[in-house]
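Read through the structure below, which is laid out as C-alpha coordinates, and then see the notes.
The values are calculated or read from the model by the stated rules, or taken from the named source; none is laboratory data. What you see is a predicted model; the values in this text were computed from it and never measured. Positions of Cβ are backbone-derived with ideal geometry, glycine not excepted, and every protein chain shown enters the neighbour counts. Accessible surface areas use protein heavy atoms only, side chains included; no ligands, DNA or RNA. Shrake-Rupley method; radii C 1.70, N 1.55, O 1.52, S 1.80 Å.
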Amino acid sequence: MAIFLQASFLVLWLLSSSSSENYTCSAKETREGQHPHNHIVSVSSLLPSTVCNRSSKVLGTGYLELVHKHGPCSELKQGKANTPSWSEILLKDQARVHSINSRQRSYRNSDENHQLKQTESTTFLFGYDQSIGLGEYYAKVDIGTPGQSVYVILDTGSDITWIQCKPCSIQCFKQPGPIFDPSKSSSHTTLPCKSSRCNLLSASRPPHEQGCISDKCTYSSDYADGSFTHGFFVQDKLTFPSSESKSKVIVNNYLLGCGQNNSNAGGPKIGVIGLSRAPISFLYQTAPKFKKYFSYCFPSDSSSTGYITFGKPDDLNNKHIKFTSIPTTPQQSQFYDVVVTGISVAGKQLPIKSSVFTRGGAVVDSGTVFTLLPPEAFASLRSAFRKEMARYKLLAAATTSNGIIIDRTCYDFSSYKTVVIPKISFFFEGGAELEVDAKGIFLSRDHGREICLAFTSTAEGEVAILGNIMQRSVQVVYDVDGGRVGFGPGSCT
(Lines give C-alpha, C1' and ligand atoms only; values in the text may rest on other atoms or scores of the structure.)
Protein backbone atom coordinates (compact mmCIF):
# COMPACT_ATOMS: atom_id res chain seq x y z
CA MET A 1 0.00 0.00 0.00
CA ALA A 2 2.83 2.44 0.89
CA ILE A 3 4.53 1.79 -2.45
CA PHE A 4 1.24 2.31 -4.27
CA LEU A 5 0.54 5.60 -2.50
CA GLN A 6 4.06 6.85 -3.21
CA ALA A 7 3.77 5.96 -6.85
CA SER A 8 0.27 7.46 -7.11
CA PHE A 9 1.55 10.73 -5.70
CA LEU A 10 4.37 10.89 -8.22
CA VAL A 11 2.14 9.90 -11.14
CA LEU A 12 0.81 13.42 -11.12
CA TRP A 13 -0.95 14.08 -14.35
CA LEU A 14 -2.73 11.30 -16.30
CA LEU A 15 -1.92 11.13 -20.01
CA SER A 16 -4.21 12.93 -22.38
CA SER A 17 -4.79 11.67 -25.91
CA SER A 18 -5.73 15.11 -27.19
CA SER A 19 -3.33 16.82 -29.57
CA SER A 20 -3.12 20.41 -30.70
CA GLU A 21 -1.89 22.45 -33.58
CA ASN A 22 0.53 25.36 -33.49
CA TYR A 23 -1.16 28.58 -32.58
CA THR A 24 -0.19 32.24 -32.52
CA CYS A 25 -2.26 34.98 -30.87
CA SER A 26 -3.92 37.29 -33.36
CA ALA A 27 -4.02 41.03 -32.90
CA LYS A 28 -7.69 40.76 -31.99
CA GLU A 29 -7.00 38.23 -29.28
CA THR A 30 -4.14 40.34 -27.92
CA ARG A 31 -6.55 43.23 -27.60
CA GLU A 32 -8.79 40.89 -25.65
CA GLY A 33 -6.09 40.60 -23.01
CA GLN A 34 -8.49 42.33 -20.65
CA HIS A 35 -11.03 39.54 -21.13
CA PRO A 36 -12.07 38.35 -17.66
CA HIS A 37 -11.56 34.66 -18.39
CA ASN A 38 -8.04 34.51 -19.88
CA HIS A 39 -4.50 35.71 -19.29
CA ILE A 40 -2.73 36.80 -22.47
CA VAL A 41 0.92 36.97 -21.52
CA SER A 42 4.35 37.00 -23.07
CA VAL A 43 6.21 33.72 -22.69
CA SER A 44 9.27 35.55 -21.41
CA SER A 45 7.25 36.76 -18.41
CA LEU A 46 6.66 33.15 -17.37
CA LEU A 47 10.37 32.40 -17.21
CA PRO A 48 12.52 33.28 -14.19
CA SER A 49 15.46 35.53 -14.92
CA THR A 50 19.05 34.63 -14.12
CA VAL A 51 19.52 38.19 -12.82
CA CYS A 52 18.36 39.26 -9.37
CA ASN A 53 15.44 41.68 -9.44
CA ARG A 54 15.33 43.05 -5.92
CA SER A 55 12.13 44.78 -4.84
CA SER A 56 12.46 48.46 -3.95
CA LYS A 57 9.40 48.34 -1.73
CA VAL A 58 10.20 49.20 1.89
CA LEU A 59 7.40 48.95 4.43
CA GLY A 60 9.19 50.08 7.60
CA THR A 61 8.61 48.56 11.03
CA GLY A 62 7.88 44.82 11.10
CA TYR A 63 9.17 44.26 7.57
CA LEU A 64 11.51 41.55 6.27
CA GLU A 65 12.64 40.89 2.72
CA LEU A 66 11.84 37.38 1.46
CA VAL A 67 14.28 35.65 -0.90
CA HIS A 68 13.77 32.36 -2.72
CA LYS A 69 16.48 29.95 -1.59
CA HIS A 70 17.25 28.78 -5.16
CA GLY A 71 16.94 32.13 -7.00
CA PRO A 72 19.68 34.50 -8.22
CA CYS A 73 19.04 36.85 -5.26
CA SER A 74 19.89 34.06 -2.82
CA GLU A 75 22.93 34.52 -0.60
CA LEU A 76 22.96 30.83 0.26
CA LYS A 77 25.28 30.17 -2.70
CA GLN A 78 23.69 26.88 -3.58
CA GLY A 79 24.34 27.41 -7.29
CA LYS A 80 22.60 26.01 -10.33
CA ALA A 81 23.72 22.48 -9.52
CA ASN A 82 21.60 22.52 -6.36
CA THR A 83 18.40 23.73 -8.05
CA PRO A 84 15.96 20.84 -7.47
CA SER A 85 14.64 18.73 -10.33
CA TRP A 86 10.96 17.98 -10.87
CA SER A 87 11.20 14.66 -9.06
CA GLU A 88 13.11 16.23 -6.14
CA ILE A 89 10.45 18.93 -5.72
CA LEU A 90 7.72 16.29 -5.81
CA LEU A 91 9.45 14.05 -3.29
CA LYS A 92 10.00 16.94 -0.87
CA ASP A 93 6.37 17.99 -1.29
CA GLN A 94 5.31 14.39 -0.69
CA ALA A 95 7.24 14.26 2.59
CA ARG A 96 5.78 17.59 3.71
CA VAL A 97 2.24 16.56 2.76
CA HIS A 98 2.64 13.31 4.68
CA SER A 99 3.65 15.25 7.81
CA ILE A 100 0.82 17.76 7.47
CA ASN A 101 -1.70 14.95 7.15
CA SER A 102 -0.18 13.12 10.12
CA ARG A 103 -0.47 16.22 12.26
CA GLN A 104 -3.98 17.00 11.08
CA ARG A 105 -5.04 13.51 12.15
CA SER A 106 -3.32 13.97 15.51
CA TYR A 107 -5.38 17.10 16.19
CA ARG A 108 -8.48 14.93 16.06
CA ASN A 109 -7.19 12.81 18.95
CA SER A 110 -8.82 13.22 22.34
CA ASP A 111 -7.23 15.21 25.13
CA GLU A 112 -6.68 11.89 26.88
CA ASN A 113 -4.49 10.67 24.02
CA HIS A 114 -2.58 13.96 24.06
CA GLN A 115 -1.82 13.54 27.76
CA LEU A 116 -0.59 10.01 27.06
CA LYS A 117 1.78 11.33 24.38
CA GLN A 118 3.13 13.91 26.83
CA THR A 119 4.00 11.28 29.42
CA GLU A 120 5.99 9.37 26.81
CA SER A 121 8.60 12.17 26.50
CA THR A 122 12.08 11.05 27.50
CA THR A 123 15.09 12.80 28.98
CA PHE A 124 17.27 11.97 26.00
CA LEU A 125 18.51 14.63 23.64
CA PHE A 126 17.76 12.53 20.57
CA GLY A 127 14.11 11.84 19.95
CA TYR A 128 11.86 11.83 16.92
CA ASP A 129 9.38 14.55 16.13
CA GLN A 130 8.13 14.31 12.59
CA SER A 131 8.05 18.02 11.92
CA ILE A 132 7.09 19.60 8.64
CA GLY A 133 9.73 19.76 5.92
CA LEU A 134 11.43 23.11 5.47
CA GLY A 135 10.03 25.90 3.27
CA GLU A 136 11.18 27.93 0.27
CA TYR A 137 11.66 31.57 1.31
CA TYR A 138 14.19 32.96 3.75
CA ALA A 139 15.06 36.25 5.46
CA LYS A 140 17.95 37.66 7.50
CA VAL A 141 17.54 38.47 11.21
CA ASP A 142 19.89 39.27 14.10
CA ILE A 143 20.14 37.13 17.24
CA GLY A 144 21.84 38.15 20.49
CA THR A 145 23.50 41.24 21.99
CA PRO A 146 25.29 42.53 20.04
CA GLY A 147 23.33 41.08 17.12
CA GLN A 148 24.78 38.25 15.03
CA SER A 149 23.19 37.95 11.56
CA VAL A 150 21.62 34.60 10.65
CA TYR A 151 19.51 33.33 7.74
CA VAL A 152 16.19 31.64 8.49
CA ILE A 153 13.39 30.04 6.49
CA LEU A 154 10.02 31.58 7.41
CA ASP A 155 7.50 28.76 7.42
CA THR A 156 3.76 28.75 8.22
CA GLY A 157 3.89 24.99 8.78
CA SER A 158 6.58 25.05 11.50
CA ASP A 159 6.25 26.10 15.11
CA ILE A 160 9.73 26.22 16.64
CA THR A 161 12.51 28.70 15.77
CA TRP A 162 16.04 27.30 15.62
CA ILE A 163 19.52 28.17 14.43
CA GLN A 164 22.91 26.44 14.53
CA CYS A 165 25.05 27.31 17.54
CA LYS A 166 28.66 26.95 18.53
CA PRO A 167 30.40 24.88 19.73
CA CYS A 168 28.45 22.41 17.50
CA SER A 169 29.19 19.74 20.10
CA ILE A 170 28.17 16.93 17.71
CA GLN A 171 27.83 18.33 14.18
CA CYS A 172 26.81 21.41 12.19
CA PHE A 173 26.32 21.68 8.46
CA LYS A 174 28.15 24.32 6.43
CA GLN A 175 26.15 27.54 6.28
CA PRO A 176 26.59 31.00 4.73
CA GLY A 177 28.08 33.34 7.30
CA PRO A 178 29.35 32.57 10.80
CA ILE A 179 27.57 30.12 13.09
CA PHE A 180 25.92 31.85 16.05
CA ASP A 181 28.15 31.99 19.10
CA PRO A 182 26.12 32.13 22.37
CA SER A 183 29.22 33.03 24.39
CA LYS A 184 29.37 36.39 22.60
CA SER A 185 25.76 37.35 23.43
CA SER A 186 25.13 39.08 26.75
CA SER A 187 21.39 38.42 26.44
CA HIS A 188 21.70 34.67 25.91
CA THR A 189 20.15 32.46 28.62
CA THR A 190 19.62 28.71 28.87
CA LEU A 191 16.35 27.46 30.39
CA PRO A 192 16.05 25.17 33.44
CA CYS A 193 14.48 21.81 32.61
CA LYS A 194 11.40 22.29 34.78
CA SER A 195 10.73 25.90 33.85
CA SER A 196 7.38 26.89 32.38
CA ARG A 197 9.10 28.12 29.22
CA CYS A 198 10.81 24.76 28.71
CA ASN A 199 7.46 23.03 29.17
CA LEU A 200 6.09 24.87 26.15
CA LEU A 201 7.89 22.26 24.05
CA SER A 202 5.68 19.45 25.30
CA ALA A 203 2.59 21.69 25.31
CA SER A 204 2.63 21.77 21.50
CA ARG A 205 0.28 19.42 19.69
CA PRO A 206 1.77 17.04 18.78
CA PRO A 207 4.43 17.68 21.44
CA HIS A 208 8.07 18.36 20.67
CA GLU A 209 10.66 16.05 22.16
CA GLN A 210 11.65 17.73 25.43
CA GLY A 211 14.73 16.60 27.31
CA CYS A 212 17.21 17.63 29.97
CA ILE A 213 21.01 17.70 30.18
CA SER A 214 22.65 19.09 33.34
CA ASP A 215 19.40 20.94 34.15
CA LYS A 216 19.42 22.59 30.71
CA CYS A 217 16.28 22.30 28.59
CA THR A 218 16.79 20.45 25.29
CA TYR A 219 14.67 20.09 22.16
CA SER A 220 14.59 17.72 19.20
CA SER A 221 13.02 18.16 15.74
CA ASP A 222 13.39 15.74 12.83
CA TYR A 223 11.90 17.07 9.60
CA ALA A 224 10.05 15.03 7.03
CA ASP A 225 12.58 15.92 4.31
CA GLY A 226 15.39 14.24 6.28
CA SER A 227 16.74 17.37 8.00
CA PHE A 228 17.02 17.44 11.77
CA THR A 229 18.13 19.65 14.64
CA HIS A 230 18.83 18.77 18.28
CA GLY A 231 20.17 21.08 20.94
CA PHE A 232 19.41 23.44 23.82
CA PHE A 233 16.18 25.41 24.12
CA VAL A 234 17.21 28.96 25.05
CA GLN A 235 16.12 32.58 25.07
CA ASP A 236 17.88 35.56 23.51
CA LYS A 237 17.19 38.87 21.77
CA LEU A 238 15.73 38.77 18.24
CA THR A 239 16.07 41.84 16.03
CA PHE A 240 14.77 42.66 12.56
CA PRO A 241 17.63 44.55 10.91
CA SER A 242 16.87 47.99 9.49
CA SER A 243 18.88 50.91 8.19
CA GLU A 244 16.77 53.17 10.43
CA SER A 245 17.13 52.56 14.16
CA LYS A 246 13.55 53.69 14.81
CA SER A 247 12.27 51.00 12.42
CA LYS A 248 14.05 48.14 14.13
CA VAL A 249 11.90 45.46 15.73
CA ILE A 250 13.37 44.03 18.94
CA VAL A 251 11.96 40.99 20.75
CA ASN A 252 13.64 40.34 24.09
CA ASN A 253 13.73 36.90 25.70
CA TYR A 254 12.74 35.20 22.44
CA LEU A 255 12.57 31.40 22.68
CA LEU A 256 14.54 29.38 20.13
CA GLY A 257 16.47 26.20 19.61
CA CYS A 258 20.26 26.45 19.70
CA GLY A 259 21.24 23.47 17.55
CA GLN A 260 24.26 21.35 18.52
CA ASN A 261 23.51 18.41 16.22
CA ASN A 262 22.12 19.43 12.85
CA SER A 263 21.74 18.07 9.33
CA ASN A 264 20.22 19.85 6.37
CA ALA A 265 19.86 16.68 4.21
CA GLY A 266 20.73 18.63 1.08
CA GLY A 267 18.17 21.32 1.89
CA PRO A 268 18.66 25.00 2.76
CA LYS A 269 21.80 25.64 4.78
CA ILE A 270 20.03 27.79 7.38
CA GLY A 271 17.66 27.74 10.37
CA VAL A 272 13.90 28.25 10.68
CA ILE A 273 11.38 30.69 12.16
CA GLY A 274 8.03 28.97 12.74
CA LEU A 275 4.92 30.99 11.86
CA SER A 276 2.27 28.42 12.67
CA ARG A 277 -0.62 28.77 15.13
CA ALA A 278 1.22 26.76 17.80
CA PRO A 279 1.84 28.44 21.20
CA ILE A 280 5.62 28.23 20.76
CA SER A 281 5.70 29.96 17.36
CA PHE A 282 7.00 33.44 16.52
CA LEU A 283 3.40 34.58 16.14
CA TYR A 284 2.43 33.77 19.73
CA GLN A 285 5.71 34.91 21.24
CA THR A 286 5.28 38.35 19.64
CA ALA A 287 1.53 38.59 20.23
CA PRO A 288 1.78 41.70 22.48
CA LYS A 289 3.65 43.51 19.72
CA PHE A 290 2.07 42.22 16.48
CA LYS A 291 -1.33 40.98 17.70
CA LYS A 292 -0.86 37.64 15.87
CA TYR A 293 -1.28 39.36 12.52
CA PHE A 294 1.03 39.13 9.50
CA SER A 295 0.97 39.13 5.72
CA TYR A 296 3.37 38.32 2.93
CA CYS A 297 3.82 38.67 -0.80
CA PHE A 298 5.74 35.95 -2.57
CA PRO A 299 7.47 37.31 -5.67
CA SER A 300 6.22 36.52 -9.18
CA ASP A 301 9.19 34.20 -9.74
CA SER A 302 12.33 32.99 -7.99
CA SER A 303 14.48 35.75 -9.51
CA SER A 304 12.62 38.50 -7.60
CA THR A 305 12.27 39.25 -3.90
CA GLY A 306 9.11 39.49 -1.84
CA TYR A 307 8.36 40.66 1.68
CA ILE A 308 6.63 39.78 4.92
CA THR A 309 5.16 42.29 7.39
CA PHE A 310 4.01 41.77 10.97
CA GLY A 311 1.26 43.71 12.72
CA LYS A 312 -1.99 45.21 11.48
CA PRO A 313 -1.44 47.83 8.78
CA ASP A 314 -3.03 51.28 8.88
CA ASP A 315 -5.09 50.52 5.77
CA LEU A 316 -6.84 47.58 7.44
CA ASN A 317 -9.98 48.14 5.34
CA ASN A 318 -8.11 47.42 2.12
CA LYS A 319 -10.84 46.52 -0.36
CA HIS A 320 -8.46 44.30 -2.30
CA ILE A 321 -8.23 41.79 0.57
CA LYS A 322 -11.03 39.22 0.71
CA PHE A 323 -11.20 37.17 3.90
CA THR A 324 -12.42 33.68 4.68
CA SER A 325 -12.84 32.22 8.16
CA ILE A 326 -10.46 29.70 9.70
CA PRO A 327 -12.78 26.85 10.75
CA THR A 328 -12.91 26.18 14.48
CA THR A 329 -12.32 22.68 15.82
CA PRO A 330 -12.36 21.19 19.34
CA GLN A 331 -8.59 20.87 19.18
CA GLN A 332 -6.94 23.73 17.29
CA SER A 333 -4.80 22.84 14.31
CA GLN A 334 -1.44 24.59 14.09
CA PHE A 335 -2.04 25.14 10.36
CA TYR A 336 -4.05 27.79 8.52
CA ASP A 337 -7.15 25.83 7.59
CA VAL A 338 -9.66 27.17 5.08
CA VAL A 339 -12.88 25.84 3.52
CA VAL A 340 -12.74 25.65 -0.29
CA THR A 341 -16.20 25.76 -1.87
CA GLY A 342 -15.35 25.66 -5.58
CA ILE A 343 -12.91 26.20 -8.45
CA SER A 344 -13.40 27.83 -11.84
CA VAL A 345 -11.35 27.57 -15.04
CA ALA A 346 -11.79 30.22 -17.74
CA GLY A 347 -14.78 31.60 -15.87
CA LYS A 348 -16.59 28.25 -15.77
CA GLN A 349 -17.38 26.68 -12.43
CA LEU A 350 -16.11 23.12 -12.25
CA PRO A 351 -18.69 20.40 -11.50
CA ILE A 352 -17.24 19.39 -8.15
CA LYS A 353 -19.42 18.34 -5.21
CA SER A 354 -18.90 20.41 -2.08
CA SER A 355 -18.32 17.21 -0.08
CA VAL A 356 -15.11 16.66 -2.09
CA PHE A 357 -13.45 19.57 -0.29
CA THR A 358 -14.83 18.87 3.18
CA ARG A 359 -13.55 15.28 3.54
CA GLY A 360 -9.96 16.22 4.26
CA GLY A 361 -10.17 20.00 4.56
CA ALA A 362 -7.67 22.47 3.09
CA VAL A 363 -4.60 24.35 4.32
CA VAL A 364 -2.84 27.50 3.07
CA ASP A 365 0.88 26.68 3.28
CA SER A 366 4.07 28.61 2.52
CA GLY A 367 6.39 25.61 2.31
CA THR A 368 4.65 23.25 -0.12
CA VAL A 369 5.51 24.10 -3.74
CA PHE A 370 2.62 22.59 -5.69
CA THR A 371 -1.09 22.97 -4.96
CA LEU A 372 -2.55 19.58 -4.10
CA LEU A 373 -6.25 18.91 -4.57
CA PRO A 374 -8.57 15.97 -3.85
CA PRO A 375 -8.39 13.50 -6.78
CA GLU A 376 -11.87 14.32 -8.08
CA ALA A 377 -11.24 18.07 -7.93
CA PHE A 378 -7.83 17.81 -9.58
CA ALA A 379 -9.14 15.58 -12.37
CA SER A 380 -11.85 18.14 -13.13
CA LEU A 381 -9.40 21.08 -13.07
CA ARG A 382 -6.88 19.28 -15.26
CA SER A 383 -9.49 18.27 -17.82
CA ALA A 384 -10.91 21.79 -18.08
CA PHE A 385 -7.46 23.35 -18.26
CA ARG A 386 -6.27 21.01 -21.01
CA LYS A 387 -9.42 21.68 -22.98
CA GLU A 388 -8.81 25.42 -22.85
CA MET A 389 -5.14 24.89 -23.79
CA ALA A 390 -5.88 22.51 -26.71
CA ARG A 391 -4.27 24.89 -29.21
CA TYR A 392 -0.84 24.12 -27.67
CA LYS A 393 1.02 20.83 -27.88
CA LEU A 394 0.88 18.77 -24.70
CA LEU A 395 4.24 17.21 -23.87
CA ALA A 396 4.64 13.52 -23.17
CA ALA A 397 5.06 12.11 -19.69
CA ALA A 398 8.48 12.06 -18.05
CA THR A 399 10.24 9.25 -16.21
CA THR A 400 12.12 9.60 -12.93
CA SER A 401 15.53 8.04 -12.26
CA ASN A 402 13.84 5.09 -10.53
CA GLY A 403 11.52 4.43 -13.47
CA ILE A 404 8.29 5.98 -12.15
CA ILE A 405 6.27 7.75 -14.85
CA ILE A 406 5.41 11.35 -13.96
CA ASP A 407 2.47 12.34 -16.10
CA ARG A 408 2.38 16.13 -16.16
CA THR A 409 0.33 18.78 -17.91
CA CYS A 410 3.30 20.41 -19.63
CA TYR A 411 3.72 22.56 -22.73
CA ASP A 412 6.57 23.73 -24.92
CA PHE A 413 6.18 27.50 -25.42
CA SER A 414 9.68 28.08 -26.77
CA SER A 415 8.39 28.93 -30.28
CA TYR A 416 5.78 31.41 -29.01
CA LYS A 417 6.11 35.02 -27.96
CA THR A 418 2.61 35.28 -26.49
CA VAL A 419 0.23 32.65 -25.12
CA VAL A 420 -3.38 32.57 -23.92
CA ILE A 421 -3.85 30.94 -20.51
CA PRO A 422 -7.23 30.29 -18.89
CA LYS A 423 -7.72 31.99 -15.54
CA ILE A 424 -8.09 29.79 -12.47
CA SER A 425 -10.04 30.98 -9.43
CA PHE A 426 -10.61 29.39 -6.03
CA PHE A 427 -13.70 30.17 -3.95
CA PHE A 428 -13.91 29.98 -0.18
CA GLU A 429 -16.49 29.93 2.56
CA GLY A 430 -17.92 33.40 3.06
CA GLY A 431 -17.65 34.30 -0.62
CA ALA A 432 -13.92 35.10 -0.84
CA GLU A 433 -12.34 34.52 -4.25
CA LEU A 434 -8.67 34.05 -5.08
CA GLU A 435 -7.86 34.56 -8.75
CA VAL A 436 -4.51 32.89 -9.33
CA ASP A 437 -1.94 35.11 -11.03
CA ALA A 438 -0.72 33.98 -14.46
CA LYS A 439 2.70 33.25 -12.93
CA GLY A 440 1.06 31.23 -10.19
CA ILE A 441 -0.36 28.66 -12.60
CA PHE A 442 2.85 27.21 -14.04
CA LEU A 443 6.28 26.05 -12.94
CA SER A 444 8.78 26.52 -15.76
CA ARG A 445 11.88 24.57 -16.69
CA ASP A 446 14.38 24.53 -19.57
CA HIS A 447 13.87 28.10 -20.92
CA GLY A 448 10.21 27.65 -21.84
CA ARG A 449 10.59 24.23 -23.42
CA GLU A 450 8.83 22.74 -20.40
CA ILE A 451 6.19 24.82 -18.62
CA CYS A 452 3.90 22.72 -16.44
CA LEU A 453 0.71 23.13 -14.48
CA ALA A 454 1.66 23.58 -10.81
CA PHE A 455 -1.30 21.59 -9.50
CA THR A 456 -1.54 17.91 -8.65
CA SER A 457 -3.55 15.41 -6.64
CA THR A 458 -3.56 14.28 -3.04
CA ALA A 459 -4.51 10.78 -1.98
CA GLU A 460 -8.20 10.22 -1.33
CA GLY A 461 -9.34 11.77 1.96
CA GLU A 462 -6.15 13.76 2.56
CA VAL A 463 -5.98 17.49 3.21
CA ALA A 464 -5.81 19.81 0.18
CA ILE A 465 -2.85 22.19 0.25
CA LEU A 466 -2.67 25.59 -1.43
CA GLY A 467 1.05 25.79 -2.24
CA ASN A 468 3.43 28.71 -2.67
CA ILE A 469 3.47 28.84 -6.50
CA MET A 470 -0.27 29.47 -6.47
CA GLN A 471 0.31 32.29 -3.97
CA ARG A 472 2.74 34.23 -6.19
CA SER A 473 1.94 37.96 -6.55
CA VAL A 474 -0.91 37.58 -4.04
CA GLN A 475 -0.94 39.35 -0.68
CA VAL A 476 -1.84 36.62 1.81
CA VAL A 477 -3.03 37.93 5.18
CA TYR A 478 -3.15 35.91 8.41
CA ASP A 479 -5.32 37.31 11.20
CA VAL A 480 -5.23 34.67 13.92
CA ASP A 481 -7.14 36.59 16.60
CA GLY A 482 -9.73 37.47 13.96
CA GLY A 483 -9.91 33.80 12.92
CA ARG A 484 -9.46 34.49 9.23
CA VAL A 485 -7.14 34.32 6.22
CA GLY A 486 -7.30 36.91 3.43
CA PHE A 487 -6.21 37.08 -0.21
CA GLY A 488 -5.40 40.16 -2.23
CA PRO A 489 -4.60 39.30 -5.87
CA GLY A 490 -2.52 42.09 -7.39
CA SER A 491 -2.05 43.80 -4.02
CA CYS A 492 1.70 43.10 -3.96
CA THR A 493 2.37 45.83 -6.53
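Would you check if there is a residue in region 118-132 being modelled with pLDDT of 95 or more and within 30 Å of Cys297 (Cβ to Cβ)? Checked against the condition, which is being modelled with pLDDT of 95 or more and within 30 Å of Cys297 (Cβ to Cβ), region 118-132 yields no hits at all.
Could you go through region 168-177 and let me know if any residue there is touching a strand residue (DSSP E or B) at 6+ places or on another chain (Cβ under 8 Å) and without any contact (Cβ under 8 Å) to a residue 24 or more places away in the chain. Checking region 168-177: not a single residue is touching a strand residue (DSSP E or B) at 6+ places or on another chain (Cβ under 8 Å) and without any contact (Cβ under 8 Å) to a residue 24 or more places away in the chain. The single condition among (1) out of contact with any Asp or Glu (no Cβ under 6 Å at 6 or more places or on another chain); (2) in a helix (DSSP H, G or I); (3) open to solvent by 60 Å² or more (accessible area, probe 1.4 Å); (4) at pLDDT 70 or above that Lys140 does not meet is (2). When the residues of region 427-456 are filtered to those that are among the hydrophobic types (A, V, I, L, M, F, W, C) and under 23 Å from Ser99 (Cβ atoms), the one that is surrounded by the most Cβ atoms within 10 Å (Cβ to Cβ) is Phe455.
Kindly indicate whether any position in region 457-467 is within 26 Å of His320 (Cα to Cα), of a type in the set (D, E, K, R), in contact (Cβ under 8 Å) with a residue 60 or more places away in the chain and surrounded by fewer than 23 Cβ atoms within 10 Å (Cβ to Cβ). Scanning region 457-467, I find no residue that is within 26 Å of His320 (Cα to Cα), of a type in the set (D, E, K, R), in contact (Cβ under 8 Å) with a residue 60 or more places away in the chain and surrounded by fewer than 23 Cβ atoms within 10 Å (Cβ to Cβ), so the answer is no.
Annotation: Thr328 fulfils all but one of (1) modelled with pLDDT of 95 or more; (2) surrounded by fewer than 18 Cβ atoms within 10 Å (Cβ to Cβ); (3) not small (Gly, Ala, Ser); the unmet one is (1).
Residue under question is Cys165, and the condition is that it be open to solvent by 30 Å² or more (accessible area, probe 1.4 Å) and either on the phi > 0 side of the Ramachandran plot or touching a residue at least 60 places away in the same chain (Cβ under 8 Å) (or both); does it hold? Spelling it out, it is not the case that Cys165 is open to solvent by 30 Å² or more (accessible area, probe 1.4 Å) and either on the phi > 0 side of the Ramachandran plot or touching a residue at least 60 places away in the same chain (Cβ under 8 Å) (or both).
Considering only region 252-306, state which residues are within 18 Å of Gly231 (Cα to Cα), of a type in the set (Gly, Ala, Ser) and out of contact with any His (no Cβ under 8 Å at 6 or more places or on another chain). Across region 252-306, the qualifying residues are Gly257, Ser263, Ala265, Gly271, Gly274, Ser281.
The set of residues in region 200-215 that are over 20 Å from Val272 (Cα atoms) and either modelled with pLDDT of 95 or more or in a loop (DSSP other than H, G, I, E, B) (or both) comprises Ser214, Asp215.
The set of residues in region 428-483 that are part of a loop (DSSP other than H, G, I, E, B) and β-branched (Val, Ile, Thr) comprises Val436, Ile441, Thr458, Val463, Ile469, Val480.
For region 67-87, name all the residues that are at pLDDT 80 or above and closer than 24 Å to Thr456 by Cβ. Residues satisfying the conditions are His68, Lys69, His70, Gly71. Is it true that some residue in region 88-98 is of a type in the set (Asp, Glu), farther than 22 Å from Asp437 by Cβ, modelled with pLDDT of 50 or more and within 19 Å of the chain's Cα centre (by Cα)? Within region 88-98, one or more residues are of a type in the set (Asp, Glu), farther than 22 Å from Asp437 by Cβ, modelled with pLDDT of 50 or more and within 19 Å of the chain's Cα centre (by Cα).
If you take the residues of region 296-323 that are touching an Asp or Glu at 6+ places or on another chain (Cβ under 9 Å) and outside any loop (DSSP other than H, G, I, E, B), which of them is surrounded by the most Cβ atoms within 10 Å (Cβ to Cβ)? Across region 296-323, the extreme among qualifying residues is Phe298. Examine region 48-61 for a residue that is closer than 28 Å to Arg382 by Cα, modelled with pLDDT of 85 or more and surrounded by 17 or more Cβ atoms within 10 Å (Cβ to Cβ), and state whether such a residue exists. No, the conditions are met nowhere in region 48-61. Would it be correct to say that Phe240 is at pLDDT below 95, of a type in the set (A, V, I, L, M, F, W, C), within 20 Å of Tyr138 (Cβ to Cβ) and open to solvent by 10 Å² or more (accessible area, probe 1.4 Å)? Against the criterion (at pLDDT below 95, of a type in the set (A, V, I, L, M, F, W, C), within 20 Å of Tyr138 (Cβ to Cβ) and open to solvent by 10 Å² or more (accessible area, probe 1.4 Å)), Phe240 does not qualify.
In region 484-493, which residue that is part of a loop (DSSP other than H, G, I, E, B) and on the phi < 0 side of the Ramachandran plot is nearest to the chain's Cα centre (by Cα)?
Going through the qualifying residues, I end up with Cys492.
If you scan region 178-194, which residues turn out to be without any contact (Cβ under 8 Å) to a residue 40 or more places away in the chain, open to solvent by 30 Å² or more (accessible area, probe 1.4 Å) and assigned to a loop (DSSP other than H, G, I, E, B)? The answer is Pro178, Ile179, Pro192, Lys194.
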